[in-house]
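Beneath this line is the structure, given in structure tokens, with notes to follow.
No lab work stands behind these numbers, since they all come straight from the coordinates. Computed from a prediction, not measured in an experiment: that's the story for all the values here. Glycine gets a Cβ as well: all are built from the backbone with ideal geometry, and neighbour counts include every protein chain shown.
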Amino acid sequence: MKPAIETRDLTKEFNGLVAVDHVDLQIEKGELFGLLGPNGAGKTTLIHMLCTILPPTEGTAKVAGFDIHRTPDSVRKAIGIVFQDPSLDGRLTSRENLDFHGRVYGMDKAQREKRIADVLKLVDLEDRAKALVQTYSSGMRRRLEIARGLMHHPKIMFMDEPTLGLDPQTRRSIWDHIQMLNKQEKITILLTTHYMDEADYLCDRVGIIDHGKIISLGKPEKLKDELKGDIVSLEVAQPKKYVEIFQRAKYVKEVTVVKDQLHLTVTGGERTIPKLMEIVTRRGGKVRSVGLRSPTLEDVFIRYTGRGIREEEAGAKEQMRMMVRAHSR
């Protein structure tokens, strides 16, 4: 069976700035795949190339079996997109927004009416079909954008940061809808996110992307299991001076520094914490706070990059703005 998405050396540069760097990726049919990374890591740029919105600088890809260079129209017919930024017309009703989308894809009146009823039911918006979109909550608008992406029966759905800016309760509701359409509609889904819990909860597999490169790929549980231990975080002054000391401790497997915290992968976390605190105290230091948890995808990201995903946000946003400005000149 051919994969739903396959890329070979897919690359995008903006005046010398590499946004996506020779990405090789294969996503199977029916898979719910997450592309995880900070803002500016290349997630949106990669999706835009796969959707034929941006041409690659180098490399190629096949989406639903169609080459993005040779048959872009066929690619567009086979995919649905939920963009990161709002793209609905608030002056129209949800039914009118969906009807317009169906017309763009050449659906006749009977097809449009049936499909509008189906997708509104799928996202629980039947009772608001005649309400103006400008009266919708942010969560309702997101659900309508998902419905719109489903209108023309796509084989693959691209979702770029589908829950960005939503409150926790609404995010959970969107997660349920994403899982349902993946199973009920049998659609391959590629979603981008910088929310670690979102990728962990939703995805069959995740690819962690940093500076345009896929640095880790696999099932969330497998990636976390590779850390083999508990994560102890110690907040101390000058944490870097303790790195070599902890690296020599036999019960410490890995040490990373994130801002003013030491993140230690250890065996037997509860038993090990007193020993770790004693090491700091013997050297005249003071532990301001201590934490213990099972490994998360955030810890996987830290392992491969040496920094937390939230550290990357401000710098990555500025880098992306520079790329966009360079591309628009």
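The lysines within cross-link reach of Lys114, meaning a Cα-to-Cα straight distance under 17 Å and a gap of 8 or more places when in the same chain, are Lys130. Counting beta carbons within 10 Å around each of Leu35, Leu166 and listing the fewest first gives the order Leu166, Leu35. Once the Cα atoms of helix 168-184 and of the chain are each reduced to a long axis, what angle between those two axes, in degrees from 0 to 90 to the nearest 10, is obtained? On a 0 to 90 degree scale, this one is about 60. Expressed as an acute angle from 0 to 90° and rounded to the nearest 10, what is the orientation of the C-alpha long axis of helix 269-282 relative to the principal long axis of the chain? It works out to around 50 degrees.
Within a 10 angstrom radius of the beta carbon, how do Ile245, Ile231 rank from fewest other beta carbons to most? If you can, show how the numbers build up before the last one.
Working: Ile245 14, Ile231 22.
The most exposed by this proxy come first: Ile245, Ile231.
Against the set [x] 59; [y] 39; [z] 49, the structure's computed percent of Cα pairs over 28 Å apart falls on [z]. When the charge dipole of the chain is built from unit charges on Cβ atoms (+1 for Lys and Arg, -1 for Asp and Glu) and taken about the Cα centre, the candidate among Thr281, Thr170, Leu122 whose Cα reaches farthest toward its positive end is Thr281.
Computed packing ranks the peptides 41-53, 84-96 as 41-53, 84-96, most packed first, by mean other Cβ atoms within 10 Å.
Computed extension length for Lys240-Glu278: 12.0 nm, one decimal, from 0.36 nm per residue of separation with the Cα-Cα distance subtracted.
Sequence-distant contacts, meaning Cα pairs under 8 Å at least 6 residues apart, place the relative contact order of the range 1-159 at 23 percent. Specify the residue with the greatest mean-square fluctuation among Met277, Met151, Met140, computed from a Gaussian network of the chain linking alpha-carbon atoms under 10 Å apart. Most flexible of the set in this elastic network: Met277. Once C-alpha pairs closer than 8 Å and six or more residues apart are averaged by separation and normalised to the residue number of the chain, the relative contact order reads 20 percent. Relative to one another, the C-alpha centroids of the range 267-285 and the range 8-31 are positioned 43 Å apart. The string of couplings for the range 86-97 from the Karplus curve (6.51, -1.76, 1.60, θ = phi - 60°) is x, 9, 8, 8, x, 7, 10, 6, 5, 4, 5, 4 Hz, one whole number per residue in order, with x for Gly and Pro. Legend: Rg and Dmax of the range 228-294, from Cα coordinates, 10.4, 30 Å.
Work out the length of the dipole vector of the range 5-223 about its Cα centre, built from +1 on the beta-carbon of each Lys and Arg and -1 on the beta-carbon of each Asp and Glu, and round it to the nearest 20 debye.
It comes to approximately 720 debye.
Here the range 73-196 yields Rg over Rh of 0.93, to two decimals, using C-alpha coordinates and the Kirkwood radius.
Between Asp24, Asp204, Asp260, the Gaussian network model of the chain with springs among Cα atoms under 10 angstrom shows the greatest mean-square fluctuation at Asp260.
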